[in-house]
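Structure, as structure tokens:
The values are calculated or read from the model by the stated rules, or taken from the named source; none is laboratory data. Owing to the predicted nature of the structure, the values given are computational and were not obtained by experimental measurement. A quick note on method: Cβ atoms are made from the backbone with ideal geometry, for glycine too, and the neighbour counts reach across all protein chains shown.
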Amino acid sequence: MTGRAPESRRGGILPGLAKGLATTARSLTRHAHTAEYPDVQPALPPRSRGVIALTEENCTSCMLCARECPDWCIYIDSHKEELPATTPGGRARQRNVLDRFAIDFSLCMYCGICVEVCPFDALHWSPQFEYAELDIRDLLHEKDRLRAWMETVPPPPPLDPRSAAPAEVVAAAKPPVARRPPPVSAPVTAPVTAPVTSPMPPADDAGGDEA
């Protein structure tokens, strides 16, 4: 059974070929939007999750990040150091000294739980993503490299201009209210009155009445 040829085949391939060449010619005159990495570095948003940087002086070896990590890719070693008493007769104190802090990025799934649960802001997100290695075992990065990535951590973004300012900021920007001094009242003085004297009884006559 033969039918009629479709409308697109009636004119042959020349109209379609001419239309395709016209599209190609228009594309050749336009500027390319492709950023060729690594010649052009990508513009990453400030909250990109690249690697996790460490502020070593803030870490207290509380092990909270290692316990909360679902992949168990954080390794922490520390020892206790005794500090002498600061006052005579006082007790000596102990503090944790960080010996090792390592993250195995071959296991990390970049969930960010360790950054959120750290109570001392020792872990931060860095947009750095160029840390590929030829051997997967080299993705276990120690604290020296984690500390070096702190230079790439961007500053915290400003507040949303439509959000309410924190109470501390409002209190600091509010000018102090000048208190009026209390009104000075005139001293109350007792009214000056003449002394009240009792009337003296009339004196008897010297001669008196004779009986």
Here is a check on your reading of the model: is Cys108 under 26 Å from the mean Cα position of the chain (by Cα), within 16 Å of Trp72 (Cα to Cα) and assigned to a loop (DSSP other than H, G, I, E, B)? yes
Residue match in the stretch 162-185 (condition: closer than 19 Å to Asp77 by Cα and either at pLDDT below 90 or not in a helix (DSSP H, G or I) (or both)): no
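Residues are listed down the side, and each one gets a yes or a no for (1) out of contact with any Gly (no Cβ under 7 Å at 6 or more places or on another chain); (2) closer than 29 Å to Glu151 by Cα; (3) at pLDDT 90 or above:
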site: Gly11; (1), (2), (3): yes, no, no
site: Arg26; (1), (2), (3): yes, no, no
site: Pro46; (1), (2), (3): yes, yes, no
site: Glu57; (1), (2), (3): yes, yes, yes
site: Leu64; (1), (2), (3): yes, yes, yes
site: Ser78; (1), (2), (3): yes, yes, yes
site: Asn96; (1), (2), (3): yes, yes, no
Pairs please, first residue from the stretch 33-51 and more than 10 Å from Ser126 (Cβ to Cβ), second anywhere and of a type in the set (D, E, K, R), Cβ atoms under 8 Å, 6+ apart in sequence or on different chains. none
Scan the stretch 109-130 and report the pairs whose first residue is farther than 18 Å from Glu56 by Cα and modelled with pLDDT under 95 and whose second residue is crowded, with 17+ Cβ neighbours inside 10 Å and among the small types (Gly, Ala, Ser), with Cβ atoms within less than 7 Å and a gap of 6+ or a chain change. Pro127/Gly50; Gln128/Gly50; Phe129/Gly50
